[in-house]
Amino acid sequence: MSHAKQSRRQFLKTSAAAGAAAALTPYWLTSSSAQAQAVASTDRHAVGFIGTGDRLPGAVTDPAKPLMNVLAVCDVDKKHLENGNKLAEKISGHPADMYEDYRKVLDRKDIEAVIITTPDHWHSKIAIEAMQAGKDVYCEKPLTLTIDEGKKICQVQKQTNRVFQVGTQQRDEFTARIRATDTTPAKTFPQQFLQAVALVQSGKLGKIKKVTTSIGFCAPSAELPKADVPTELNWDMWQGQTPLTDYVLGGTSPQNRSYPSSRTHYEFRWWYEYSGGKLTDWGAHHVDIAQWAIGMDKSGPTSVEVMSVELPVKFEKGMPTVNNRYNTASKFNVKVMYPNGVELIVRDGPSNGIWFEGEKGQIFVSRDAFRDVEGTAIAELDTTPIAEEELIKLCKGKKPGNHMRNFFECVRDRSTPISDVFTHHRAITTCHLANIAIRLNRPLKWDADKEEIVGDNEANGWVAREQRKGYEIKV
């Protein structure tokens, strides 16, 4: 394992290099204390945070604080950057070096892994360049903006053999807490999604005929007024590969949270330029679990058909006609078919969760529920629980329960994490295909082996996107 251990000579060389780089960056982007503290922190992994918004605290870092020595933080928003540095200091006991440009983090030889929590449209470029720079990678979901980006990430991971964990914590980390009733005591189901996968694959539900995923909806926005870019934000770099557009004031998300800007921070999810709406936001979780359970996590669908959809703005040739309103699908019902005959429904509601329908029974699983709909497959777990060995096998040989800790365990022994890039690429491909079908308003046929849309050249052109000059993804 490569830790942050350095000799005095190595430390002086690194410090000199950092000092040279500091001359090229604004005064608030540099510090020298992180590297000095790193010398004493040899029992932790030397990491850099790239993107320091609201996903970084809590679920991403809290479970594995004792395993990290944070040497650098990076963000194009000064306020986020400063908050990220405060978090780094709480984790590591010392401030980190601060950068606006992520490439300065990747240039650091003393950093062995990066944690990427940027908006979606930056995930692939940073992750690819991180692997090429010899870093192991933890990156939040959804991993890609396009299908082509996923193909490139898989290619580079194979070339570099870096450890790569995708932030789909549902695979191993959640616990359903079922409330007590008058006749039934309260109970908990640790790793309920993992248990659902094991239950489906055990055959206790019989042959699976249909899976339904409900992933929530995004309410349309009103017209969002143009505004001046805050002085603390590098708006050009934030937009990255996407076309340049006006900075607009924020709307109100479905979670009723207001933001200063709608095209940045949390609300970037509701713009196709940067993300894919609920289909990639929550689809990255539930479609992943669905394909894993039915054995399609290394393959993919044969067809995608939009049964119904509500778009918040008018589209022409797949493109929104206005740029001051949310443009991802508000409500949707999409049917996906697989070569094994299973039908997957991806819809906005009415609730959030996954239904597995088999010939012998039906179950429902969500972040706060795990119950039988028909039959007694889950009830029988009280007397015949799923063997721990089965869950460990699904987790590629490691005990479930801590997603970030799983990443660092794999960094140490160079094994494959629970949420690897290859299965995630297959899951998010299905979500991207649904969005392409929605934007072009027609069904699609998919060749999972060739990873291309069949018989529709226009639609196949949407597998990749044009990238703004200077921000292209290169492999």
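Quick one: angle between helix 8-22 and the longest Cα principal axis of the chain, in degrees between 0 and 90, rounded to 10, please.
90 degrees
Once both axes come from the Cα atoms, what is the angle between helix 403-413 and the longest principal axis of the chain, in degrees from 0 to 90, rounded to 10?
70 degrees
Rank the residues T212, T52, T181, T117 as a footprinting-exposure proxy: fewest other Cβ atoms within 10 Å of their Cβ go first.
Exposure proxy ranking, most exposed first: T181, T212, T117, T52.
Below 14 Å, Cα to Cα, which aspartates and glutamates can K399 reach? Residues fewer than 8 away in the same chain don't count.
Of all the aspartates and glutamates, those that pass the test against K399 - Cα under 14 Å, at least 8 places apart if same chain - are D172, E173, E388, E389, E390, E409.
Which one, P142, L224, T61, is farthest towards the positive end of the dipole of the chain when Lys and Arg carry +1 and Asp and Glu -1 on their Cβ?
T61
Taking 0.36 nm per intervening residue step and subtracting the Cα-Cα distance, what contour gain separates T183 from K90 on full extension?
Answer, rounded to one decimal: 28.9 nm.
Checking the a/c ratio against 1.5 first, then a/b against b/c, what shape does the Cα gyration tensor give for the chain?
Working: a/c = 1.77, a/b = 1.27, b/c = 1.40.
Oblate shape, in that a/c is at least 1.5 and b/c is the bigger or equal ratio.
Taking θ as phi - 60°, what are the ³J(HN,Hα) couplings along region 210-218 by the Karplus curve (6.51, -1.76, 1.60), each to the nearest whole Hz, with x for Gly and Pro?
Karplus values, whole Hz, x for Gly and Pro: 8, 10, 10, 10, 10, 10, x, 10, 10.
If each DSSP helix of 4+ residues adds -39,500 (n - 2.57) and the sum is divided by the residues in the chain, what number results at 222 nm, nearest 500 deg cm²/dmol? Before the final figure, lay out the partial values.
On the way: 14 runs with 141 residues, N = 475.
Helices in the chain give a 222 nm mean residue ellipticity of -8500 deg cm²/dmol.
Which lysines does K90 reach when only Cα atoms under 22 Å apart count, and residues fewer than 8 places away in its own chain are ignored?
Within the straight-line cut-off, K90 pairs with K5, K65, K78, K79.
Given points 7 Å out from each Cα along the Cα-Cβ axis, report the K474 to D43 separation in nanometres with one decimal.
Using points 7 Å along Cα→Cβ, the separation is 4.3 nm.
Under 18 Å Cα-Cα from K86, which aspartates and glutamates qualify once same-chain neighbours fewer than 8 residues away are excluded?
Cα-Cα hits under 18 Å: D54, D62, D75, D77, D97, E100, E232.
Could you check the spin-label model distance between E389 and S202? Points 7 Å from the Cα along Cα→Cβ, value in nm.
1.4 nm
So what's the net charge close to H403: Lys and Arg +1, Asp and Glu -1, counting the other residues with Cβ under 9 Å from its Cβ?
Local charge sum for H403: 0.
By average Cβ neighbour count within 10 Å, what is the ranking of 99-108, 451-460 from highest down?
Taking the mean over residues of other Cβ atoms within 10 Å, the ranking is 99-108, 451-460.
Would you be so kind as to identify which of I436, G401, M98 lies farthest towards the positive end of the dipole of the chain, taking Lys and Arg as +1 and Asp and Glu as -1 on Cβ and the Cα centre as origin?
Toward the positive end, the furthest listed residue is M98.
Of the trypsin sites (Lys or Arg not before Pro) in region 157-222, which ones lie in a loop per DSSP and count no more than 13 other C-beta atoms within 10 Å?
Listed in order of number, the matching sites are R179, K207.
Scan around E310 for amide H atoms under 5 Å from its own, H built in the peptide plane at 1.01 Å from N, and keep only partners 5 or more places away or cross-chain.
Hits under the 5 Å cutoff: S330, K331, F332.
With unit charges on the beta carbons (Lys and Arg positive, Asp and Glu negative) and the dipole taken about the Cα centre of region 297-384, which residue among Y338, S366, T321 sits farthest to the positive side?
T321
Distance in nm between label sites at A369 and Q132, each 7 Å beyond Cα in the beta-carbon direction?
4.6 nm
What pairs in K398/K474; K151/K207; K204/K396 have C-alpha atoms more than 24 Å from each other?
Working: K398/K474 34 Å; K151/K207 31 Å; K204/K396 22 Å.
Distance filter (> 24 Å) returns K398/K474; K151/K207.
Give, rounded to the nearest 20 debye, the magnitude of the charge dipole that region 384-468 has about its Cα centre when Lys and Arg contribute +1 at Cβ and Asp and Glu contribute -1 at Cβ.
Dipole magnitude for region 384-468 comes out near 320 debye.
Values in this text are rule-based calculations from the coordinates and carry no lab data. Quick caveat: nothing in here was measured; it's all calculated off a predicted structure. Quick reminder, even Gly has a Cβ in these numbers, built from the backbone with ideal geometry, and neighbours come from all protein chains shown.
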